[in-house]
Each structure stands twice: as C-alpha cells, then as structure tokens.
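The values are calculated or read from the model by the stated rules, or taken from the named source; none is laboratory data. Computed from a predicted structure; not experimentally measured. Here the Cβ positions follow ideal geometry from the backbone for every residue, glycine too, while neighbour counts run over all protein chains shown. Keep in mind that these areas ignore ligands, DNA and RNA; they rest on the heavy atoms of the full protein, side chains included. Shrake-Rupley method; radii C 1.70, N 1.55, O 1.52, S 1.80 Å.
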Amino acid sequence: MDIDELSENFELLDDWEDKYRYLIDLGEKLPPFPDEYRTDEWKVSGCQSQVWLKPSFASAEGNGRLQFVGDSDAAIVRGLIAVVLVVFGDKTREDILTLDVSAVFSRMGLADHLSPSRRNGLGAMVEKIRFYALKG
C-alpha cells in the first residue's frame, strides 16, 4: 500500500467511527514486533501510550532507504503507527526530511479528528522518524 491508496481508503469511509475501525484494522495487520525491541532505545517519548519504532536501512539500486517496524499497547495508536509506516516506509533520508507530512495527514483527515494527545503522539512519531533519517 502507498500514500495515495491509504488516502483513498480513508476518503471512501463516511464517518469517523468507520475511520477509527479502519485504523484499528490497519494496526492489527502490523507484523509482530520482536520483544527485544521493546526497550527505551526504540521507545518514542511524547506519546501517552507506549510506542516503539525501530529503523533499519536497506539499499535499493544504490540508494539507502529506511524501513521501520513499530508497535504500541493501544489499538488506535497501532493503527496510527501503520499509517506512519506507509507514509515513511521505504523512503530515502531526503524523502523523509522533505515530505510535507502535514499535507498527507490532512488529506486523510487525521489532523482534524484525533484527540490532542493522539495528535501529539503522532507528531512525536514523525519527529522520531526524522531523527532517524538525520542520524543515518
């Protein structure tokens, strides 16, 4: 799935109850997150729920791309992680740092319908991913 497909899926859903169910479904489809990554090193601070994001670096055609795995102890937040992984997964460092993530989330309607604490957590995930992109 890519950003366009994900955005289209959100646009097809009529109300926010359906969109929350879709988020939960996306979170349930995340691959299992290894217990050895559930450490402070991979924990995202600034989230009300516990959130972990672990980067890895892949090389495709000589261009380094970042991959991420993630997990949370909250169902909707797991869905937000799934969205973040679609938005930022398999991108170069430059792609990650220049992506207008506000426009992407706005297109999906996420910014308007999340509680302030979930919006803050989503922002913390984005900042952590940008940190990994800068850190290299």
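Brief remarks on what is shown
- Segment 67-105, subset touching a strand residue (DSSP E or B) at 6+ places or on another chain (Cβ under 6 Å) and polar (S, T, N, Q), residue farthest from K29 (Cα to Cα): T92
- Against the numbered list (1) assigned to a loop (DSSP other than H, G, I, E, B); (2) farther than 22 Å from L99 by Cβ; (3) touching a residue at least 12 places away in the same chain (Cβ under 8 Å); (4) over 14 Å from the mean Cα position of the chain (by Cα), Y20 comes up short only at (1).
- At least 3 residues being open to solvent by 80 Å² or more (accessible area, probe 1.4 Å) is the threshold, and among the helices (runs of 4 or more DSSP H) wholly inside segment 37-136 those reaching it are 93-98, 116-135.
- Residue-level check: of (1) within 20 Å of V69 (Cβ to Cβ); (2) in contact with a Gly (Cβ under 7 Å, 6 or more places away or on another chain); (3) of a type outside the set (S, T, Y), N120 misses just (1).
- Any hit, segment 114-130, residues being over 12 Å from the mean Cα position of the chain (by Cα) and more than 27 Å from W16 (Cα to Cα): no
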